[in-house]
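Here the structure comes first, spelled out in structure tokens, and everything after it is commentary.
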Amino acid sequence: MIRFDPDTLLAEARAQTGLSDFGEPSFREGLTVFCHALETEAQLSDFGRGLLHQKVMELLTNRLGIEDWYRRHPEIDDEPLAAPLVIVGLPRTGTTHLQRILAQDPQFYSMPWWESRYPVPFPGESLAEPIQRIEQARAEVKVMVEAMPKLLSIHPMDADEADEEVMLMEHTFMAALNTYAHIPSYMNWLAQVDERPAYAYLKRMLKFLQWQKRQRGITASRWVLKAPHHLLRMKLLLDIFPGARIIQTHRDPVDTIPSIASFLDTLWRIYSNDVDPTAAGQEWSDLMARAFRHTMHVRDQNPDPFFDVAFLDTVQKPLTVVRAIYTWAGLTLTPEVEQAMQHWLTTHTRNTRAAHEYDTSQFGLSDAQLKTLFADYRARHIH
């Protein structure tokens, strides 16, 4: 049986690549805590063990590859990173939809799913034409969607569309690794550790991806990023990315939290045959309540970088929302870009995906409980 032993995994990554420099060493503590949680708490199936072993090996070999690229091309570190536009909000609040609309504007760098999945060029692959990585990612998405059609009703998987940067942050082993399994000891550790190295490494990876894009003739002014993960780390995000502009999306947690619990429960079942749905409900509701408290506190101290968007506005009048964002951020929205956004909206309608169905009580949740837990947030942002 596959075992998650940090030293063995590190040795295996070195052997696979012939490289030895993993870069900044803070990831090792997270790797150790994660491995222990997988062995003692996750109740992985044999299939799940195999998948997660592959995942950990990819993260470690990517780290080796990234340091090797930086060593051979030190100019990567000179890539200028302008203050990004960052979309934050609970899953199921229109964050993906909004990011993909904005990604139609060539003034923004964005990261398609294939690029977050495979940030390091394959051996022998041309920097100008990353065909192998794109095709492999497309094939993976096809398999995932066929194996679990429910996934599409929860998140619009598409290898070629903009997606979130959490997959990059996983390389630090300080990230939302609870999407793979129920690992409370790891999450308790993460809640207490200084996650600054994760955000510094995100910056390093964005420089690497930006440098690669420019080898493909893609140039832009700034990144448009998106991740619910930042809600619990807003102060850190603004420290590491000074001048960042934050778009926060809003929808009643009474509607979103059960949906997120369903998503988490669905993901856990890929890796384990013994999943407690109420654990997913409890974990995500507690986590997001803490996240909102943190972001509200940061906003009280420094309201200027924030712009609020209601979920229904994103759904019903997306271009009106976009125009308001551009005005607030001091950006120019050209007629050509607006036309490209409208074309994307026309070809990516929500009604092409099945409805996401779930029962709130299945996850140990109730409307009354959620209204109490999120009372402060609802009073401020849900009208």
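Annotations for the structure displayed:
- The stretch between Ser361 and Glu24 holds 116.9 nm of extra length on full extension. This uses 0.36 nm per residue minus the Cα-Cα distance.
- Given their separation in residues at 0.36 nm each and the Cα-Cα distance between them, Ser221 and Asp286 gain 19.7 nm when the chain is fully extended.
- Residue separation of Trp344 and Asp160 scaled by 0.36 nm, minus their Cα-Cα distance, works out to 64.9 nm of gained length.
- Taking 11 Å as the cut-off, the amide N atoms of the stretch 180-219 that come nearer than this to a point 7 Å along the Cα-to-beta-carbon line of Glu41 belong to 181-191.
- Per-residue ellipticity at 222 nm from helix content only, as computed over the chain with -39500 (n - 2.57) for each DSSP H run of at least four residues, stands at -17500 deg cm²/dmol.
- Cα-based shape type of the stretch 236-383, given that a ≥ b ≥ c are square roots of the gyration tensor eigenvalues and the cut on a/c is 1.5: oblate
- Using θ = phi - 60° and Karplus 6.51 cos²θ - 1.76 cosθ + 1.60, couplings along the stretch 295-302 (whole Hz; Gly, Pro as x): 5, 5, 5, 4, 5, 5, 7, 8
- Tail beyond 41 Å, pair distance distribution of the stretch 6-381 (Cα, percent): 8 percent
- Classified by the C-alpha gyration tensor, the stretch 171-239 has a prolate form. Its axis ratio a/c, with a ≥ b ≥ c, is 1.5 or above, and a/b is larger than b/c.
- Highest average first, the peptides 14-25, 82-93 ordered by how many other beta carbon atoms sit within 10 Å of their residues are 82-93, 14-25.
- Distant-in-sequence amide H partners of Arg92 (H built 1.01 Å from N, under 5 Å): none
- Peptides 318-324, 30-36, ordered by how many other C-beta atoms sit within 10 Å of their residues on average, highest first, read 30-36, 318-324.
Read-outs throughout are calculated quantities, based only on the coordinates presented, and are distinct from any laboratory measurement. Just so you know, these numbers come straight off a predicted model, no measurement behind them. Note that we place each Cβ from the backbone using ideal geometry, even for glycine, and neighbour counts take in every protein chain shown.
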